[in-house]
1. Sorted by average packing, counted as other Cβ atoms within 10 angstrom per residue and highest first, what order do 329-340, 271-282, 212-223, 295-306 take?
2. Count the net charge of all other residues whose Cβ sits under 11 Å from the Cβ of Met329, scoring Lys and Arg as +1 and Asp and Glu as -1.
3. Quick one: of Lys148/Lys323; Lys116/Lys211; Lys116/Lys138, which pairs are farther than 23 Å apart, Cα to Cα?
4. Could you tell me which of rounded, prolate or oblate describes segment 181-253, using a ≥ b ≥ c as the square roots of the eigenvalues of the alpha-carbon gyration tensor, with rounded for a/c under 1.5 and, failing that, prolate when a/b is larger than b/c and oblate otherwise?
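None of the figures in this text is laboratory data; all of them are computed from the coordinates on show. Keep in mind the model is a prediction, meaning the values are calculated, not measured. Because the Cβ atoms are built from the backbone with ideal geometry, glycine has one as well, and the counts that use them run over all protein chains shown.
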Amino acid sequence: MVSLSTNPFFSLTTQNAASRSSSSSSSLYSRFAASTKFNSFHANNKDHRKVVCACVAPPTNFKSEDSSALRFNGSSKSEQLSTLREQDGDSDVLIECRDVYKSFGEKKILNGVSFKIRHGEAVGIIGPSGTGKSTVLKIIAGLLIPDKGEVYIRGRKRVGLVSDDELHGLRIGLVFQSAALFDSLTVRENVGFLLYEHSSMPEDQISEVVKETLAAVGLKGVENRLPSELSGGMKKRVALARSIIYDNSKDSIEPEVLLYDEPTAGLDPIASTVVEDLIRSVHIKGQDARGKPGNIASYVVVTHQHSTIKRAIDRLVFLHKGKIVWEGMTHEFTTSTNPIVQQVSEHKLSCLRIRSLGAINM
Ligand SMILES: Nc1ncnc2c1ncn2[C@@H]1O[C@H](COP(=O)(O)OP(=O)(O)OP(=O)(O)O)[C@@H](O)[C@H]1O
């Protein structure tokens, strides 16, 4: 079985999972739901609602009467994943997009995207602005449905949106560019949201895990601050902490694939380096940044930043005009004979602003 329970708010459609019912968790929810930003966001913009729902770590079971307003879709659990694919020697493939198409209205964005994410990989998706990189992440995360084509999670075809936490076996976490913290909650509550909402851990233990996780991303003594009291780089680190926290009281920890959408956008070079190295450190050698058994099996980074490619990515997928035009190891990027890659690598990656690629003729 496969689960995407790490994904934020996926649990909103789940009615029956055991969840923490403490007053503190409902108060967390009400404080979050009562925030002006949240209400206006959801009242005014359906598409944005999806993004908000996607952007944070993993409350897997919101218990609220209002939660119906936040559901992604009405698809049934049985529709979520089906059709176990035959084993084909790809046993290390965690996620596969096969011939995926996506349009928004008349606008064709993805035109047959196929690629695989294997266990242990650090994959970067690069390409011109507007070419559909974030759309690919949202499709992988189960927040958007392809118009055509298939997404397989550990060999099982996903049907519909992810909205179910009864599935288990792989968690997928999405860290949005904006960090997307809940403004009305403290850093502790933001980072510990999943555990407050969904685990049976006592609150003092959750506080301890939050503290450890924050320390792992280089933050100390910020637990009681609100997001508005943090710098941009700190917010990104809090978002990272929120994506890597897990319930360590469980017997087994599911592997997780983390999806980062421009994790260093807007940061200065030093702050970028910190985040890039953290992305690596939560993943490498089967250890997480707390020195405990790691659960981040693989990660995918959408980026325009050269330093992120250099420090945090091993394999690149190059998306252009809705298709993958090149795939290879990062070091092969500069030696590729693919014309479009050559035009980019002539810039030696050091001045890589792939946004300018929009002008390149294919
Ligand atoms: N929900 C949506 N509704 C309508 N259009 C959308 C939606 N989401 C994305 N788009 C459009 O799809 C195109 C691809 O967007 P996407 O964010 O995936 O691009 P990107 O490659 O990540 O761009 P960037 O590098 O600038 O972040 C853009 O033109 C965007 O405006």
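1. Order by mean packing, descending: 295-306, 271-282, 212-223, 329-340.
2. Net local charge, Met329 excluded: -3.
3. With Cα atoms farther than 23 Å apart: Lys116/Lys211.
4. Prolate shape, in that a/c is at least 1.5 and a/b is the bigger ratio.
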